[in-house]
Amino acid sequence: MTEHVMIAREEPVIWHLAEEEHPASPTGLGFWIYLMSDALIFASLFAMFGVVSTAFAGGPGPRQIFDLPLVALNTAFLLASSITFGQAIPHMEAGRVGPTRFWLAITGLLGAAFVGVELYEFSHLIAEGAGPDRSAFLSAFFALVGTHGAHVTVGLIWICTLLIQLGSQGLGEAMKRRVMCLSMFWHFLDIIWIGVFTFVYLYGVIR
């Protein structure tokens, strides 16, 4: 009786690389790189202001031109806008378009109030003869504060754009990324403004 030997064949092992259903978007990393480059710009402006902050050229100094109660009110506008933006994020994550748009709109109104007060401050200083051409101190002041104000204005345009897009496109993944990028941008501007308020206004008046 012939004995049959059964040889078991090993099945080849095939390794499958797990594929992400949604590849990570480079948007977040790219935006962080942008914010770091923007931080370098503001660091340069702060350094420039620090160097010439006492170069009054016979003109007015911080104590003569800064209206601290008005600047404190403006600071409150911007910090409150950061809080209202924070209120929009949970609604965005839950996919609720209406409340997200509502809180973004409130954020935009507070940001617009901030820019309006800043423009009033600038126009008042220029009318009093304390324009950017009066001294190195005032040139650095207008450059630093004006650059921040320009960024807030860009943020307001971005908010208006998102409000329109949210109404027409809803809250898809791409839209959520845009809102989160704007959130990082807006909070970054709040942090910069705290530095401006402390280093330029408060320190300038009390020293």
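The values are calculated or read from the model by the stated rules, or taken from the named source; none is laboratory data. All values derive from a computational prediction rather than experimental measurement. Don't worry about glycine lacking a Cβ; one is built from the backbone with ideal geometry, like all the others, and counts go over all protein chains shown. Remember, those area values only see protein heavy atoms, side chains included, never the ligands or the DNA or RNA. Shrake-Rupley method; radii C 1.70, N 1.55, O 1.52, S 1.80 Å.
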Subject >> Accessible area per residue in Å² at 1.4 Å probe, computed on the chain >> reply: 59 Å²
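Grab the other residues whose beta carbon is less than 14 angstrom from that of A72, score K and R as +1, D and E as -1, and report the net.
Numbers: positive: none; negative: D67, E118, E121.
With Lys, Arg at +1 and Asp, Glu at -1, the net is -3.
Calculated FRET efficiency, A55 and L119, Cβ-Cβ r, R0 30 Å, to nearest 0.05? Mind dumping the intermediate values first?
Details: r = 25 Å, r/R0 = 0.84.
Calculated value: 0.75.
Obtain the radius of gyration and the Kirkwood radius of the range 88-169 from its C-alpha atoms and give Rg over Rh.
Details: Rg = 17.2 Å, Rh = 14.6 Å.
For the range 88-169, the value is 1.18.
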Original post:
Around M180, what is the net charge, scoring Lys/Arg as +1 and Asp/Glu as -1 over all other residues with Cβ under 13 Å from its Cβ?
Top reply: +1
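For the pair Q169 and F199, what calculated FRET efficiency results from E = 1/(1 + (r/R0)^6), where r is the Cβ-Cβ distance and R0 = 41 Å, to the nearest 0.05? Each step should come with its number before you reach the end.
Details: r = 41 Å, r/R0 = 1.00.
Efficiency, from the Cβ-Cβ distance: 0.50.
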Original post:
Taking a quarter of the surface of the convex hull around the Cα atoms of the chain, what do you get in nm²?
Top reply: 19.3 nm²
**OP:** First compute the accessible area of the chain with a 1.4 Å probe, then give the percent of it belonging to carbon and sulfur atoms.
**Re:** 67 percent
Original post:
What FRET efficiency do you get for A47 and L70 if R0 is 30 Å and r is their Cβ-Cβ distance, rounded to the nearest 0.05?
Top reply: 0.70
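I'd like the GluC sites (Glu not before Pro) in the range 106-147 restricted to DSSP loop residues with at most 14 other Cβ atoms within 10 Å, sorted by number. Could the numbers behind the result be given before it?
Numbers: sites: E118, E121, E128; in loops: E128.
Qualifying residues, ordered by number: E128.
How would M184, M36, M92 line up by accessible area, probe 1.4 Å, largest first?
Values: M184 50, M36 115, M92 5 Å².
Ranked list, largest accessible area first: M36, M184, M92.
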**OP:** Net charge near V196: determine it from the other residues with C-beta under 13 Å of the C-beta of V196, scoring Lys and Arg +1 and Asp and Glu -1.
**Re:** -3
